[in-house]
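S.K.: One structure is given below, represented as structure tokens, and several questions about it will come after.
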């Protein structure tokens, strides 16, 4: 079975991610990312590609695994590539990004451009999933745009208000669709 992971990240995030991968391979270390649990077992092939992007680097990781001694063909795309990926994985990534934005705002800091870019990318991926709150997607996207504009305009009060509105919206939506 082949698993494919795509991410966009800053230079620092890329370095940290590569260290985590190396530790998982060398020491069979436990991974926070469930998709990388395969590194703790024998894998047949590992491909890693890094390309420079406008706001950092794009990373593509492919893992090929033999199950029961027989190679299994097929690909599993993960959250960052859209509706064909795991919705659960995307939600987990979004939760992390949202918490990072909230932590910045709480400490009166403007979230940096790569973090906002990641947030926008995750939002675009999430609203492509059918039957996951579609009636609310338009309002949700508008609330996200409000937060992004406030961050890009360095408007701290507007950022706080937009973040709190998104938090309430997220809570309401998750209560309905979980």
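Every read-out reported here was derived from the displayed coordinates using simple, explicitly stated rules and does not represent laboratory data. The model shown is predicted, which means the values in this text are computed figures rather than measured ones. Heads up, the Cβs are rebuilt from the backbone with ideal geometry, glycines too, and the neighbour counts pull from every protein chain shown.
S.K.: Of (1) under 18 Å from the mean Cα position of the chain (by Cα); (2) assigned to a helix (DSSP H, G or I), residue 129 satisfies all except one. Which?
M.R.: The failed condition is (2).
S.K.: OK, next. Here's a check for you: in segment 155-178, which residue that is in contact (Cβ under 8 Å) with a residue 24 or more places away in the chain and under 11 Å from residue 105 (Cα atoms) is surrounded by the most Cβ atoms within 10 Å (Cβ to Cβ)?
M.R.: 159
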